[in-house]
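See structure below.
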Amino acid sequence: MPIPLDSWLSIWPQTPAYIDRARELAQQLQLPLQAIDCVPKALDSGQALLCVGASGLALQQAGKKAPGPVRVDFLEGAVAHRRLFGGGAGQQIAKAIGLKSGIRPQVADLTAGLGRDSFVLATLGCRVQMVERTAVVGLLLEDGLARAQFDPEVGPIIAAMALHQGDAIDWLAAASTAPEVVYLDPMFPHSAKSAQVKKEMLLFRDLVGEDADASVLLEAALAAAEYRVVVKRPRKAPTLNTRKPSFTLEGKSGRFDVYSLKALR
């Protein structure tokens, strides 16, 4: 189970202009509100802040040696680099989803997280419905989408991405039409011997736990999807629910397990 948020996460307005928004978020999330003069490095390293400021929302781990803030940014950084130089339809994720000449399936990303894989698929021409159940992660994603929507190059990609904040199984049950492809990237427990985890994952594990219901979500996805379900896994991890995929695409550190239900068209 995730650690209770109010024991380690608080809302920090970085300037007076953002006090009202910070108060709204503190009330919405039932989290404590930090003073403007808060100094993140002076706080205990087990604490974290949801920062509210001119650059949007960001998660910031506290402590003297804490890494930089984590935010959703579709305009710069690694996501922008992948959009420009990521390999296009030759990427494994594109092959796993089933992209071919003239085929751009609609995708339901039911574990949206920071939206990076959804953005890649939207960049390649897919319409993507994102579902994120963790409230803080959903707010970060909503904030990133809002900041990118008016960019002349990225805006049309953002227009192909929709966000629903809530439970994925409930969303599947309420969907008026079956998603053509369902994409899952559940959290996977890291061992103490793992290579250093990326800074966002250090915070995400406390936010969302280990997705213990991933196998249940897979079964719901298989029952709902029209053409296929794609599950992203660490390369040496077991398959979800011991279900054998139709085929697997494997990379250096990860793989995609593809469950084909019928041919894409």
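The values are calculated or read from the model by the stated rules, or taken from the named source; none is laboratory data. Owing to the predicted nature of the structure, the values given are computational and were not obtained by experimental measurement. Neighbour counts are summed over all protein chains in view; Cβ atoms, including those assigned to glycine, are modelled from backbone coordinates with ideal geometry.
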Problem - Subset tally (residues that are charged (D, E, K, R) and either in contact with a Leu (Cβ under 8 Å, 6 or more places away or on another chain) or within 30 Å of residue 153 (Cα to Cα) (or both)) for segment 38-94 - result: 5
Problem - Subset of segment 7-29 [within 22 Å of the chain's Cα centre (by Cα) and surrounded by fewer than 16 Cβ atoms within 10 Å (Cβ to Cβ)] - result: 28
Handout entry: All helices (runs of 4 or more DSSP H) inside segment 105-183 with 1 or more residues being more than 24 Å from residue 59 (Cβ to Cβ)
Key = 116-123, 155-158, 168-174
Fill in the blank from the handout: Of all strands (runs of 3 or more DSSP E) fully inside segment 1-64, the set with 2 or more residues that are within 19 Å of residue 138 (Cα to Cα) and in contact (Cβ under 8 Å) with a residue 60 or more places away in the chain is 48-53, 56-61
Handout entry: Qualifying residue in segment 217-230 (condition: farther than 14 Å from residue 180 by Cβ, surrounded by fewer than 18 Cβ atoms within 10 Å (Cβ to Cβ) and under 21 Å from the mean Cα position of the chain (by Cα))
Key = yes
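For (1) touching a helix residue (DSSP H, G or I) at 6+ places or on another chain (Cβ under 9 Å); (2) modelled with pLDDT of 90 or more; (3) not aromatic (Phe, Trp, Tyr), each residue gets a yes or a no:
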{"residue": "1", "(1), (2), (3)": "no, no, yes"}
{"residue": "15", "(1), (2), (3)": "no, yes, yes"}
{"residue": "24", "(1), (2), (3)": "no, yes, yes"}
{"residue": "48", "(1), (2), (3)": "yes, yes, yes"}
Exercise for the section: Go through segment 231-249 and count every residue that is more than 17 Å from the chain's Cα centre (by Cα) and surrounded by 13 or more Cβ atoms within 10 Å (Cβ to Cβ). Expected result: 8
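Hey, does segment 75-85 have a residue that's modelled with pLDDT of 95 or more, surrounded by 15 or more Cβ atoms within 10 Å (Cβ to Cβ) and under 27 Å from residue 206 (Cα atoms)? So that I can check it myself, show each step before the final result.
First, pick out the residues of segment 75-85 that are modelled with pLDDT of 95 or more: none.
No, the conditions are met nowhere in segment 75-85.
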